[in-house]
Each structure stands twice: as C-alpha cells, then as structure tokens.
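The following block contains the structure, expressed as structure tokens.
The values are calculated or read from the model by the stated rules, or taken from the named source; none is laboratory data. Quantities reported herein were computed from a predicted structural model and do not represent experimental measurements. Here the Cβ positions follow ideal geometry from the backbone for every residue, glycine too, while neighbour counts run over all protein chains shown. Only protein heavy atoms, including side chains, enter the accessible area calculation; ligands, DNA and RNA are left aside. Shrake-Rupley method; radii C 1.70, N 1.55, O 1.52, S 1.80 Å.
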Amino acid sequence: MARTKPSTPGTLARRDAVAALLRHRTKLLVVTGLGSPTYDVHAAGDRDDNYYLWGAMGGAALVGLGLAQAQPDKQILVITGDGEQLMAFGSLATISVAKPRNLTIAVIDNHHFGETGMQLSHTGQGVDLAKVAATCGFASTGTLRTSKEVERLGRTIEKPFKGPRLFVIKVAAENPPRSLPSRDAVFIKSRFRAHLGLKAG
C-alpha cells in the first residue's frame, strides 16, 4: 500500500503570517477556528467584525459557509488550523457543492495539534489540504510558504472571485503566548450582529 510522504514544515512565524494576511483588511468578515487561529487573529487586532469560535472544533469552515450565504455581498475569510480542518474534512465537499463566491479559507498549518500537546497531524504526514480542496472543486487553491505570498493574498482577498478558495499557509511549529479575546459567546455574537446592522438575537 502506498504511503503519503511527510511534507516539508513551514518556517513562517504564525503571528506574522496572520498579521500580514489581515494588514490590508477593510470590510472583510473574519471567522476564526478554535485555539491558535483565534489567538492569532486577536493578536492582530480585536474588531467587531471578528467572529471567534470557542469550543467548536471543526466548525469554522461551515460557519463561514453559512455566513457567506447569509451575507452574499460581503467577503468572508475563515482562518483555521490544520487540526480543525482535518476534523472538518467533509466540509470541503459541502462548500464546493454550495459554490459560494465570497468565501476564502486560510489554513494555518504547523503540522501539529497545538491545543493538545503538539502531536504530529496528518498534514505533517503528507496530507495536502490544498489538493483535497482542488479535487473537491474549489475555484482556487494554493500553498503559501513566504511572507510575500501571504501579503499578496491579503492584498487581493476582498476582490471578487468565481468560487470558494482555500489556501494553506505553512508556519513553524510554535506556540506563542495566547492572546485571548472575550470568551463570552453572547457578547461576541451580539457585537458581530450589531456590526452587520442586525438586531440582537
């Protein structure tokens, strides 16, 4: 039986990569996955248009899909990790079938499960999430390894595109100090809805 080959780990600092991705953000709505992606986005600047997920492992991509469908005139960025996206493997097929034209997923891939002790994840064993998304039918996919590539994506992320996109950003296996947003889920939900001009609910 053929085995996948271990993939090359990244060298980018995850906080620098996420900050570069968000540097040119204007009206982008951002959904963050459980754990490190939430800390990374919060470290880049807490905003009312950040929707942080707590205790929702595997939910980020599909929350992003629902938001993209509910807000078709806005661009949605999901920032998640390799561990969470592996848990939500089937979401890639669902998103591809739904064909949102305003959803981008950025997978911060350090080849490890950072929240549970830095065990090696499947991406470190060669599973390529960008190729999986491409096979599912995403309009655009890619793997980014340099700050210039991340910066380029950040500059274009709010431009129109033809369908869902997924980009894997390879980062070093590190656990920077946590930057914690509010854990009050009602507060996070309410301020996000207020940002969208919706009533509290």
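Would region 147-201 count as rounded, prolate or oblate if I go by the C-alpha gyration tensor, calling it rounded below 1.5 in a/c and otherwise prolate when a/b exceeds b/c, oblate otherwise?
oblate
What's the local net charge at A17, with K and R +1, D and E -1, over the other residues with C-beta under 15 Å away?
Net local charge, A17 excluded: +2.
Which of the three applies to region 1-146, rounded, prolate or oblate, going by the alpha-carbon gyration tensor with a ≥ b ≥ c and a/c under 1.5 meaning rounded?
Numbers: a/c = 1.66, a/b = 1.22, b/c = 1.37.
Cα axes put region 1-146 in the oblate bin.
In degrees, nearest 10, range 0 to 90: what is the angle between the Cα axis of helix 147-156 and the longest Cα principal axis of the chain?
With rounding to tens, the tilt is 40 degrees.
Taking H placed 1.01 Å from N in the peptide plane, check which residues at least 5 places from H112 or on another chain put their amide H under 5 Å from its amide H.
Result for H112 returns S121.
With a/c under 1.5 counting as rounded, go ahead and sort region 75-194 into rounded, prolate or oblate using the C-alpha gyration tensor (a ≥ b ≥ c being the square roots of the eigenvalues; past the cut-off, prolate if a/b is larger than b/c, else oblate).
Here region 75-194 falls in the rounded category.
Considering only protein heavy atoms and a probe of 1.4 Å, how much of the accessible area of region 1-144 is carbon and sulfur, as a whole percent? Display every interim value, and only then the final one.
On the way: 3430 of 6200 Å².
In region 1-144, the share of accessible area belonging to carbon and sulfur is 55 percent.
Per-residue HN-Hα couplings for region 12-23, Karplus 6.51 cos²θ - 1.76 cosθ + 1.60 at θ = phi - 60°, whole Hz, x for Gly and Pro?
Per residue, the Karplus-derived 3J(HN,Hα) values read 5, 6, 4, 5, 5, 5, 5, 4, 5, 4, 9, 4 Hz.
What residues qualify as long-range amide H neighbours of A88, i.e. H under 5 Å apart, gap of 5 or more or another chain, H built at 1.01 Å from N?
none
Quick one: how many lysine pairs in the chain have C-alpha atoms under 25 angstrom apart, if they're 8 or more apart or on different chains?
27
Any chance you could check the Cα centroid distance between region 88-145 and region 1-70 for me, in angstrom?
That distance is 11 Å.
How large is the accessible surface per residue of region 37-126, computed with a 1.4 Å probe and reported in Å² as a whole number?
Ligands and nucleic acids excluded, the result is 37 Å² per residue.
Taking 0.36 nm per residue of separation and subtracting the Cα-Cα distance, what length does fully extending S190 through T26 add?
57.0 nm
Using only Cα atoms, find the angle between the long axis of helix 185-195 and the longest principal axis of the chain, and express it within 0 to 90 degrees, rounded to the nearest 10.
70
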